[in-house]
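For reference, the structure is listed below as structure tokens.
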Amino acid sequence: MTARRSLFRLADVVAPSLAGRFARDLWFAVPPRMAPLPVPPGGEPFEVVSLGATVRGLVWGQGPVVYLVHGWGGRGSQLAAYVEPLVARGYRVVMFDGPSHGDSDPGPSGPRRTHGVELGKALDAVFARFGPAEAVIAHSLGAISTYLTLRLGWLGTRRLVLISPMAAAAPLFDQFQRALGFGERTRRAFDREVEQFVGVPLEAFDAVVQAAHVDPVPTLVVHDRGDRQTPWEGSGRLVDSLADGRLVTTEGLGHRRILKDPSVVRHVLDFLADVDAGESAA
């Protein structure tokens with residue numbers, strides 16, 4: 001890391017455009033695929049095609065559809081704790097792996113590379129297969145991908161659950177810049193490269209911006225105060241901007257253990273039941 005920081009400081013002076021492109025490639029490099037995780041029995045495998053790539057997943061049960069959307073470097077089975085309780089309550093549960101993640105093929109960005117727009121397109125392709133969502137439960141990057149799909153795709157849902165959401169990319173880009181030690185010339189080049197790579201403006205990667213452009217729905221946000229990958233403060237900002245947003249803050253669960261914590265699962269199920277009860281009463 002010390003050598004890399006020194007290289008970026010030099011490149012910031014002599015070749016900021018090249019440094020920006022290299023930083024972009026580092027940013028979009030997908031971690032090694034996560035090993036398979038246990039899932040409940042009875043899941044029916046399915047495949048859909050998104051942007052020319054095969055996206056694979058599993059579906060359980062019958063009834064209103066709940067989509068499970070993983071985050072960066074993850075896989076659908078990280079949300080396996082939700083399958084059985086949702087099926088028991090009469091939902092159909094759809095889980096899938098995004099491009100270059102889990103069991104799915106690489107997308108247009110190629111092996112070991114992808115981004116939030118590709119994940120959103122994959123969600124849209126899965127939605128086209130299984131139909132309107134009663135709810136979407138999304139983790140980390142999956143949150144902003146879901147918002148992009150609600151705004152720019154065909155996806156529709158009656159409620160949202162966002163767990164450890166990446167509410168905005170800009171603070172993460174700032175952390176990335178500090179970690180690599182590059183200056184403002186490289187940062188401007190990096191921002192341009194990112195926009196060209198994903199095909200949407202950087203401002204699009206802000207959940208508050210996207211939420212303002214989609215139909216408001218009841219939204220539960222669950223975030224651990226000590227999450228070191230996606231800042232908890234972003235969830236507070238997001239919930240404050242929503243017409244019907246609820247924030248549950250946990251302690252000591254971090255970014256990934258929160259996905260299988262029994263108390264968090266109960267919060268989510270109670271939220272869905274509460275929304276259902278409110279709609280029935282109305």
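The values are calculated or read from the model by the stated rules, or taken from the named source; none is laboratory data. In this text the structure is predicted, and so the values were computed from the model without any measurement. Quick reminder, even Gly has a Cβ in these numbers, built from the backbone with ideal geometry, and neighbours come from all protein chains shown. Accessible surface is based on the protein model in full, side chains and every heavy atom, while ligands, DNA and RNA are left aside. Shrake-Rupley method; radii C 1.70, N 1.55, O 1.52, S 1.80 Å.
Among the residues of region 67-87, none qualifies, meaning not one is out of contact with any Cys (no Cβ under 7 Å at 6 or more places or on another chain), over 26 Å from Q229 (Cα atoms) and of a type in the set (G, A, S). I'd like to verify a number: residues in region 12-49 that are open to solvent by 20 Å² or more (accessible area, probe 1.4 Å) and among the hydrophobic types (A, V, I, L, M, F, W, C), how many? Residues meeting the conditions: 13. Just one of the listed residues (V221, V194) is at pLDDT 95 or above and either buried (at least 23 other Cβ atoms within 10 Å of the Cβ) or out of contact with any helix residue (DSSP H, G or I) (no Cβ under 8 Å at 6 or more places or on another chain) (or both), and it is V221. When A204 is tested against the conditions (1) closer than 30 Å to G252 by Cβ; (2) open to solvent by less than 40 Å² (accessible area, probe 1.4 Å), the lone failure is (1).
Go over the candidates R112, R151, R158, R92 one by one and state the one that is more than 17 Å from S50 (Cβ to Cβ), free of Cβ contacts under 8 Å to residues at least 40 places away in the same chain and open to solvent by 10 Å² or more (accessible area, probe 1.4 Å).
R92
Say we look at region 163-191 and pick out the residues that are surrounded by 16 or more Cβ atoms within 10 Å (Cβ to Cβ) and basic (K, R); which of these is nearest to A138 (Cα to Cα)? If you could, list the steps in order and put the result at the bottom.
Restricting attention to region 163-191, the residues satisfying the condition of being surrounded by 16 or more Cβ atoms within 10 Å (Cβ to Cβ) are 163-169, 172-173, 176-177, 180-182, 185-187, 189-191.
Narrowing the set further to residues that are basic (K, R) leaves 185, 187.
On the way: R185: 35, R187: 29 Å.
Filtering region 163-191 for residues that are surrounded by 16 or more Cβ atoms within 10 Å (Cβ to Cβ) and basic (K, R), the one nearest to A138 (Cα to Cα) comes out as R187.
None of L238, L242 is within 17 Å of the chain's Cα centre (by Cα), at negative phi and open to solvent by less than 60 Å² (accessible area, probe 1.4 Å) except L238. Could you check, for region 270-277, whether at least one of its residues is within 17 Å of V161 (Cα to Cα), modelled with pLDDT of 95 or more and open to solvent by less than 30 Å² (accessible area, probe 1.4 Å)? Within region 270-277, one or more residues are within 17 Å of V161 (Cα to Cα), modelled with pLDDT of 95 or more and open to solvent by less than 30 Å² (accessible area, probe 1.4 Å).
Taking the listed residues G245, G252, the one that is out of contact with any helix residue (DSSP H, G or I) (no Cβ under 7 Å at 6 or more places or on another chain) and at pLDDT 95 or above is G252, with no other qualifying.
Could you go through region 147-155 and let me know if any residue there is of a type in the set (S, T, N, Q), modelled with pLDDT of 95 or more and closer than 20 Å to V59 by Cβ.
Just the residues of region 147-155 that are of a type in the set (S, T, N, Q), to begin with: 149.
Within this subset, residues satisfying the condition of being modelled with pLDDT of 95 or more are 149.
Filter once more, keeping what is closer than 20 Å to V59 by Cβ: 149.
Within region 147-155, one or more residues are of a type in the set (S, T, N, Q), modelled with pLDDT of 95 or more and closer than 20 Å to V59 by Cβ.
Selection over region 243-273 of residues that are within 15 Å of A138 (Cβ to Cβ) and either basic (K, R) or in a loop (DSSP other than H, G, I, E, B) (or both) gives a count of 2. On the basis of being open to solvent by 10 Å² or more (accessible area, probe 1.4 Å), of a type in the set (F, W, Y) and over 24 Å from Y147 (Cβ atoms), does W72 make the cut? No, not satisfied.
Which of the residues spanning region 75-89 are of a type in the set (K, R) and either surrounded by fewer than 19 Cβ atoms within 10 Å (Cβ to Cβ) or in contact (Cβ under 8 Å) with a residue 60 or more places away in the chain (or both)? Before the answer, list the steps.
Going residue by residue through region 75-89, those that are of a type in the set (K, R) are 75, 89.
If the condition is that a residue be of a type in the set (K, R) and either surrounded by fewer than 19 Cβ atoms within 10 Å (Cβ to Cβ) or in contact (Cβ under 8 Å) with a residue 60 or more places away in the chain (or both), then R89 is the only one that fits.
Counted as qualifying within region 142-219 are the helices (runs of 4 or more DSSP H) with 1 or more residues that are in contact with a strand residue (DSSP E or B) (Cβ under 8 Å, 6 or more places away or on another chain), namely 170-180, 207-211.
Regarding G52, is this residue open to solvent by less than 40 Å² (accessible area, probe 1.4 Å), small (G, A, S), touching a residue at least 40 places away in the same chain (Cβ under 8 Å) and over 27 Å from R266 (Cβ atoms)? Give the steps one after another, and end with the answer.
Values: open to solvent by less than 40 Å² (accessible area, probe 1.4 Å): no; small (G, A, S): yes; touching a residue at least 40 places away in the same chain (Cβ under 8 Å): yes; over 27 Å from R266 (Cβ atoms): yes.
No; evaluated as a whole, the condition is false for this residue.
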